[in-house]
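**Q** Take this structure, written in structure tokens, and hold onto it; I'll ask about it next.
The values are calculated or read from the model by the stated rules, or taken from the named source; none is laboratory data. Treat the numbers as computed from the prediction; the structure is a model and nothing was measured. Neighbour counts run over all protein chains shown; Cβ positions are idealised from the backbone, glycine included.
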Amino acid sequence: MGSIKISGIGKRFGAVAAIDDVSLEIRAGEFLTLLGPSGCGKTTTLRAIAGLADVDIGRIEIGGKDVTDLPVHRRNIGMVFQNHALFPHMTVEQNVSFGLRMRSVPVKSQSERSRTALELVHLGGFGGRYPHQLSGGQQQRVALARALVIEPEVLLLDEPFGALDRKLRESMQFELRQLTRRLGVTSVFVTHDQEEAMVLSDRIAVMNGGRLEQLGSPAEIFERPSSRFVADFMGITNVLTGHVITVADGLVDLEVDGISYSARARSSMVVGQQCCMTIRSEKIRVSETAPPAGTFAVEGVIEHSIYLGTTSSYRVRLKLNQAVVLSAIEVNQADVANGSRLSSGSSVWLSWGREAIHVF
Amino acid sequence: MFKRTLLIYCCLLMLFLLAPSIIVIVSSFGADAVTQFPPRSFSLRWYENALSQPIFLQAAKNSAWLAAVATGIATPIALAASVALVRSRFPGRDALQSLLLAPLVVPAIVTGLAILVTLSAFGLRDVTTRLVGAHVVIVLPYLVRTITVSLTQIDSSLEECARTLGARGLTAFWYVTLPLIRPGIVAGMLFSFILSFDNVSASLFLTNVRTNTLPLAMLNYVEFNFDPSLAAISTMVLVFALGGAVLVERVVGLKRVVGG
């Protein structure tokens, strides 16, 4: 299984840069997701790896070999398209064995390998059917088998589950993850759904406006977003923008609309600099009484109180700063049914330790 | 109430459209020496008469050969043109499209005259070559139209997918796109054949006494005769055309191509 190395690729469509100086290394056997809103360049990047789109500048290597100028059919890649792209006039087996046929694999070996591939995606015995006789999930599984049967160096997936309903999508995600792990195939997955990216990926590359915004494991991206865009796109709550008042001893004081917050400093921070921070909602404590002196705390009023079973979610508007609404999640205690849960309109104190804040 | 009105309306419309054909078919079985409707008595003598005249047989053969050759030449041209028109963006693309479809708008009689003048200017006097050239031009737009429609209905990711699986561009086209647009091609060829077979206006300028097409032979005949032979020939042509349409419908599904 091959690694992929993308060095400084760029692609313009007229005045618009679809990909703007993207460099990315994907390790052998890794599952990497290109995540971003539509038009961010993720699909173009995937198509560039496949060879379906050529790049204006930069270099693409697969398995250590420069493939930048290699035509699609010689790149040995497996690709799954958004609309499955099954050949409607061929049976499932003919679809799956197409790649083998193009490689002049002996007919007997073709049918054996196709059958194995179909069993891999739990569709053994479906070989004689036509694509239109299958459900959406089955079609996408055939497409997966067709891409895998040729034993590609890399597996490329372009929003393959976009057209499926939520439940089916979740089970397909699970299956795909298991399959790629078992086969150890290097995979690049494109999606605009951050949850899907979190579920599937070893690492996520967040893209925006043709550029690579952040690259990291799902946990790194979620806990330490590097930009406001990433934080918003990942659906991270409690993102505030302020500026630095003091930097000392590895700590930083940030002022956001008149309230000063203390957090661990990032290396290159200077006084007056504008920056963002997030406060992890599950690390915020909500209490009706003021916490002991010396603990950081702000006062607010609960706007919404939502019971979610094991947890309760609160949206609290700060008293000192009416523009800020923070969201907090508390684990429910056993006696919630007795009315111990805080209700809307209550005046509360929010407190947290420094580690709850991430500055960027 | 509305449904019934619509039904009656549709029936009347069908009758109106089919009436000429029905009258021709019925009168072709007449026994009289003059075509009339309804015939006073019935016989097959005018079929016998038509089939025993070498002029008609030769003309029918000419027409069938011409239609087949013109269609055979125009189809690959139309296929290549359609692929270019649908798949790529290049300067002059719209102009090319208009040019290919122009014979649809220009009256065929003008096309015929234009071809006559042009070929004469080049000193080309061979009737067969002239006819084939003219008919290729006349049928081309119909082929381009049907093939273009079929092509636009095909998801371009299919061919891309074939290429990721190791097929070269042309191989991918051969195995994936071509089978999928085959209905469109076959339907286009059928239209093309029929169109060429009963073309009068362009052939009018290009035939001579020795080489004639069926519609022109019929035109010549009707100048001096008014017996039901022509009705008999028309009926036979009609049966062949219908047979062809049914065959195409059975094999590829005409509705898929025309309705698309």
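**Q** Residues to consider are A:23, A:7; find the one that is outside any loop (DSSP other than H, G, I, E, B), within 12 Å of residue A:205 (Cα to Cα) and at pLDDT 90 or above.
**A** Numbers: A:7 fails: within 12 Å of residue A:205 (Cα to Cα).
Just one listed residue meets the conditions, A:23.
**Q** Taking strands (runs of 3 or more DSSP E) that do not extend beyond region A:262-360, which have at least 2 residues that are under 23 Å from residue A:247 (Cβ atoms) and not aliphatic (A, V, I, L, M)? Explain how you work it out, then say what you get.
**A** Working: elements: A:274-279, A:285-287, A:297-308, A:311-318, A:325-331, A:347-351, A:357-359.
The strands (runs of 3 or more DSSP E) meeting that bar are A:274-279.
**Q** Now for a different question. Hey, among B:16, B:37, which residue is closer than 27 Å to residue B:200 by Cβ and part of a loop (DSSP other than H, G, I, E, B)?
**A** B:37
**Q** Taking region A:154-180 as the region of interest, how many residues are away from chain B (no Cβ under 14 Å) and either in contact (Cβ under 8 Å) with a residue 60 or more places away in the chain or not basic (Lys, Arg) (or both)?
**A** So in region A:154-180, the residues away from chain B (no Cβ under 14 Å) come out as A:161, A:164-180.
Pick out the ones that are also either in contact (Cβ under 8 Å) with a residue 60 or more places away in the chain or not basic (Lys, Arg) (or both) and you get A:161, A:164-165, A:168, A:170-180.
Number of matching residues: 15.
**Q** Among the candidates B:200, B:209, B:222, single out the residue that is in contact with a Ser or Thr (Cβ under 9 Å, 6 or more places away or on another chain) and either under 30 Å from residue B:33 (Cβ atoms) or away from chain A (no Cβ under 14 Å) (or both).
**A** Numbers: B:209 fails: in contact with a Ser or Thr (Cβ under 9 Å, 6 or more places away or on another chain); B:222 fails: in contact with a Ser or Thr (Cβ under 9 Å, 6 or more places away or on another chain).
The match here is B:200.
**Q** Based on this model, can you work out whether residue A:25 counts as farther than 17 Å from residue B:164 by Cα and either over 26 Å from the mean Cα position of the chain (by Cα) or within 12 Å of another protein chain (Cβ to nearest Cβ) (or both)? I'd like the intermediate steps shown before the answer.
**A** On the way: farther than 17 Å from residue B:164 by Cα: yes; either over 26 Å from the mean Cα position of the chain (by Cα) or within 12 Å of another protein chain (Cβ to nearest Cβ) (or both): no.
Against the criterion (farther than 17 Å from residue B:164 by Cα and either over 26 Å from the mean Cα position of the chain (by Cα) or within 12 Å of another protein chain (Cβ to nearest Cβ) (or both)), residue A:25 does not qualify.
**Q** Something else: What is the one condition in (1) under 16 Å from residue B:82 (Cα atoms); (2) within 13 Å of chain A (Cβ to nearest Cβ) that residue B:145 does not satisfy?
**A** (2)
**Q** Yes or no: region A:235-251 includes at least one residue that is within 15 Å of residue A:34 (Cβ to Cβ), of a type outside the set (A, V, I, L, M, F, W, C) and crowded, with 17+ Cβ neighbours inside 10 Å.
**A** Filtering region A:235-251 for residues within 15 Å of residue A:34 (Cβ to Cβ) gives none.
No - not one qualifying residue is present in region A:235-251.
**Q** Just one of (1) within 14 Å of another protein chain (Cβ to nearest Cβ); (2) small (Gly, Ala, Ser); (3) assigned to a loop (DSSP other than H, G, I, E, B) trips up residue B:172, so point out which.
**A** (3)
**Q** Which residues, counting only those in region A:38-70, are of a type outside the set (Val, Ile, Thr), outside any helix (DSSP H, G or I) and either at the interface with another protein chain (Cβ under 8 Å from one of its Cβ atoms) or crowded, with 21+ Cβ neighbours inside 10 Å (or both)? Don't jump to the end; show me each part of the working.
**A** As a first pass, look at region A:38-70 and keep what is of a type outside the set (Val, Ile, Thr): A:38-42, A:46-48, A:50-54, A:56, A:58-59, A:61, A:63-66, A:69-70.
Going one step further and asking which of them are outside any helix (DSSP H, G or I), we end up with A:38-41, A:51-54, A:56, A:58-59, A:61, A:63-66, A:69-70.
Scanning region A:38-70 gives A:40, A:41, A:51, A:52.
**Q** Checking the conditions here, which among B:138, B:154, B:181 is within 14 Å of chain A (Cβ to nearest Cβ) and buried (at least 20 other Cβ atoms within 10 Å of the Cβ)?
**A** Numbers: B:138 fails: within 14 Å of chain A (Cβ to nearest Cβ); B:154 fails: buried (at least 20 other Cβ atoms within 10 Å of the Cβ).
Being within 14 Å of chain A (Cβ to nearest Cβ) and buried (at least 20 other Cβ atoms within 10 Å of the Cβ) holds for just one of B:138, B:154, B:181, which is B:181.
**Q** Given the criteria within 14 Å of another protein chain (Cβ to nearest Cβ), farther than 22 Å from residue B:94 by Cα, buried (at least 20 other Cβ atoms within 10 Å of the Cβ) and modelled with pLDDT of 90 or more, does residue B:165 qualify?
**A** Working: within 14 Å of another protein chain (Cβ to nearest Cβ): yes; farther than 22 Å from residue B:94 by Cα: yes; buried (at least 20 other Cβ atoms within 10 Å of the Cβ): yes; modelled with pLDDT of 90 or more: yes.
Yes.
**Q** Can you work out which of the residues in region A:87-109 that are more than 8 Å from every other protein chain (Cβ to nearest Cβ) and buried (at least 24 other Cβ atoms within 10 Å of the Cβ) is farthest from residue B:172 (Cα to Cα)? Give the steps one after another, and end with the answer.
**A** Kept after step one, since they are more than 8 Å from every other protein chain (Cβ to nearest Cβ), are these residues of region A:87-109: A:90-97, A:100-101, A:104-109.
Now narrow it down to the ones that are buried (at least 24 other Cβ atoms within 10 Å of the Cβ): A:92, A:95-97, A:100.
On the way: A:92: 18, A:95: 13, A:96: 15, A:97: 14, A:100: 14 Å.
Among them, the one singled out is A:92.
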